[in-house]
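Before any comments, here is the structure.
The values are calculated or read from the model by the stated rules, or taken from the named source; none is laboratory data. Fair warning: this is a prediction, and the values are worked out from it, not measured in the lab. Cβ atoms come from the backbone with ideal geometry, glycine included; neighbour counts cover every protein chain shown.
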Amino acid sequence: MVIKFLAACMLAIPFIAGCSESEQQTTGMAQENSVDEPQNQRYEVLAENLEAPWSIEKLGNTFYLTERAGSIVKVESGKMVRQSVKFEKEISTASEAGLLGFVLAPDFLESQRAYAYYTYEDNSGQFNRIITLRLEDNVWREESLLLDKIPSGTYHHGGRLKIGPDGKLYATAGDASEAGIAQDLQSLGGKILRMNLDGSIPDSNPFPNSYIYSYGHRNPQGMTWLPDGTLYASEHGNNANDEVNKVEAGQNYGWPIIKGYEEQEGMVSPQFTSGDEATWAPSGMDFSNGKLYVAALRGSAVLEFDLETGGYREVITGLGRIRDVLIEDDSLYFISNNTDGRGAPQENDDKLYRISLSDLKESVLGQ
């Protein structure tokens, strides 16, 4: 059953930013800020002057942030280092394209390996690929190709990578601006893909000899799992009708046949939708204590969806476009994305922020 919401019902909690300058390497970057309003919420700026960052990965006290132009920013102990990446293909500068998803291998401390999703161009066209990277002497180098020729059009590249609780690598793939391929089980576009960490197809995938885990997606850009293994994904709608879906193996999520509130037999309608009149442009997401936290680009917020009450609210606003979120213990980390060509950059944007989940107000407005 679709849960319907109106954007006008949401509670906006403003934030005020203040930061210091940084270069490729900066010391003393962490800065605490407070809001002199009743909410009195506090956040820290952990890094700034990022260039269209796309994903957050964290190991211990070290962050790795991808930048669409093709760099990985390491943030550790108040220092920021922009690490170069050597790709086998020429990275694409098309809109929404570039170095997107990134996740460290489970044995990263020993192997220095990570997984990445990027858009490239060559004589055969423009595509996305999933690769492994290895870190050597502060430089990441493309090591092996796991999956190639994921469709990439004018827009809608997907790009999120996550390792699920089952130890498999999941990737979101957009419809490459060709809506029909989302329903085509012979195409990798408009899908959530699943593979073993060596790039092979798991025997447990729902379609024989196929990377496809679910289909009928327009431009999914976020994934997270509940403790019981339930997968949720966020998805950009067509102007409006953005979605948060509960994703199950082999299911059809309807694009472009149904959208938003619509229902049809054999297709899954979203758990949450922005509806016909509002847009979130949801991207990265995470889960904590019964709630989904979703980065919103056009919504310029971090959204909190309560799975028990069916309500949702804006918990962070005033910082512009938000691309990704990550939760660890009581900390919510998020990155702004105002330098991607569609935002209005604030001073020293873009930035990596941290706020305590316990500092967020408890009230929820929704249905």
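Within segment 245-256, the set of residues being surrounded by fewer than 24 Cβ atoms within 10 Å (Cβ to Cβ) and in a strand (DSSP E or B) comprises Lys246, Val247, Asn252.
May I ask you to list the residues in segment 116-146 that are of a type outside the set (Ser, Thr, Tyr) and within 16 Å of Gly159 (Cβ to Cβ)? Steps first, please.
Our first condition is that a residue be of a type outside the set (Ser, Thr, Tyr); within segment 116-146, this holds for 116, 121-123, 125-131, 133-143, 145-146.
Hits for segment 116-146 are Ala116, Glu121, Gln126, Phe127, Asn128, Arg129, Ile130, Ile131, Leu133, Leu146.
Rundown of residues vs (1) touching a helix residue (DSSP H, G or I) at 6+ places or on another chain (Cβ under 8 Å); (2) at pLDDT below 95; (3) more than 28 Å from Lys74 (Cβ to Cβ); (4) not hydroxyl-bearing (Ser, Thr, Tyr), yes/no style:
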{"residue": "Met267", "(1), (2), (3), (4)": "no, no, yes, yes"}
{"residue": "Asp276", "(1), (2), (3), (4)": "no, yes, yes, yes"}
{"residue": "Phe287", "(1), (2), (3), (4)": "no, no, no, yes"}
{"residue": "Val302", "(1), (2), (3), (4)": "no, no, no, yes"}
{"residue": "Leu332", "(1), (2), (3), (4)": "yes, no, no, yes"}
{"residue": "Asn337", "(1), (2), (3), (4)": "no, no, no, yes"}
{"residue": "Leu352", "(1), (2), (3), (4)": "no, no, no, yes"}
{"residue": "Leu365", "(1), (2), (3), (4)": "yes, yes, yes, yes"}
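Here the condition is being polar (S, T, N, Q), under 26 Å from Glu308 (Cα atoms) and either more than 21 Å from the chain's Cα centre (by Cα) or surrounded by fewer than 17 Cβ atoms within 10 Å (Cβ to Cβ) (or both); of Thr224, Thr230, it holds for Thr230 alone.
Test Glu142 against the stated conditions and say whether it is in contact (Cβ under 8 Å) with a residue 12 or more places away in the chain, within 26 Å of Ile258 (Cβ to Cβ) and among the acidic types (Asp, Glu).
Working: in contact (Cβ under 8 Å) with a residue 12 or more places away in the chain: yes; within 26 Å of Ile258 (Cβ to Cβ): no; among the acidic types (Asp, Glu): yes.
Against the criterion (in contact (Cβ under 8 Å) with a residue 12 or more places away in the chain, within 26 Å of Ile258 (Cβ to Cβ) and among the acidic types (Asp, Glu)), Glu142 does not qualify.
Applying the criterion of at least 2 residues that are at pLDDT below 95 and farther than 27 Å from Ala105 by Cα to the strands (runs of 3 or more DSSP E) found wholly in segment 1-82 leaves 31-34, 42-47.
Just checking, which of Ala94, Ala176 is in a loop (DSSP other than H, G, I, E, B), at pLDDT below 95 and either touching an Asp or Glu at 6+ places or on another chain (Cβ under 7 Å) or closer than 24 Å to Asn238 by Cβ (or both)?
Values: Ala176 fails: at pLDDT below 95.
That would be Ala94, the only listed residue that is in a loop (DSSP other than H, G, I, E, B), at pLDDT below 95 and either touching an Asp or Glu at 6+ places or on another chain (Cβ under 7 Å) or closer than 24 Å to Asn238 by Cβ (or both).
Is one or more of the residues making up segment 316-326 out of contact with any Pro (no Cβ under 8 Å at 6 or more places or on another chain) and small (Gly, Ala, Ser)? Looking for residues that are out of contact with any Pro (no Cβ under 8 Å at 6 or more places or on another chain) and small (Gly, Ala, Ser), one finds none in segment 316-326, hence no. So, Tyr253, is that one free of Cβ contacts under 8 Å to residues at least 40 places away in the same chain and within 28 Å of Met195 (Cβ to Cβ) or not? So Tyr253 passes the test.
For segment 120-167, give me each residue that is in a strand (DSSP E or B) and among the aromatic types (Phe, Trp, Tyr).
First pass over segment 120-167, keeping only residues in a strand (DSSP E or B): 120-122, 125-136, 139-151, 161-163.
Tyr120, Phe127, Trp140 - these are the residues of segment 120-167 that are in a strand (DSSP E or B) and among the aromatic types (Phe, Trp, Tyr).
Taking segment 258-354 and the strands (runs of 3 or more DSSP E) fully enclosed by it, the elements with 3 or more residues that are aliphatic (A, V, I, L, M) and crowded, with 19+ Cβ neighbours inside 10 Å are at 291-296, 301-306, 322-328.
When Gly222 is tested against (1) part of a loop (DSSP other than H, G, I, E, B); (2) within 22 Å of Val73 (Cα to Cα), only condition (1) is not met.
I'd like to know if segment 185-202 contains one or more residues that are of a type in the set (Gly, Ala, Ser), under 19 Å from the mean Cα position of the chain (by Cα) and buried (at least 16 other Cβ atoms within 10 Å of the Cβ).
Initially, segment 185-202 is screened for residues of a type in the set (Gly, Ala, Ser), giving 187, 189-190, 199-200.
Going one step further and asking which of them are under 19 Å from the mean Cα position of the chain (by Cα), we end up with 189-190.
Now restrict to residues that are buried (at least 16 other Cβ atoms within 10 Å of the Cβ): 189-190.
Checked segment 185-202: at least one residue is of a type in the set (Gly, Ala, Ser), under 19 Å from the mean Cα position of the chain (by Cα) and buried (at least 16 other Cβ atoms within 10 Å of the Cβ).
Hey, can you tell me all the residues within segment 99-113 that are within 17 Å of the chain's Cα centre (by Cα) and either more than 19 Å from Gly284 (Cβ to Cβ) or surrounded by 23 or more Cβ atoms within 10 Å (Cβ to Cβ) (or both)? Explain how you work it out, then say what you get.
As a first pass, look at segment 99-113 and keep what is within 17 Å of the chain's Cα centre (by Cα): 99-104.
Across segment 99-113, the qualifying residues are Leu99, Leu100, Gly101, Phe102.
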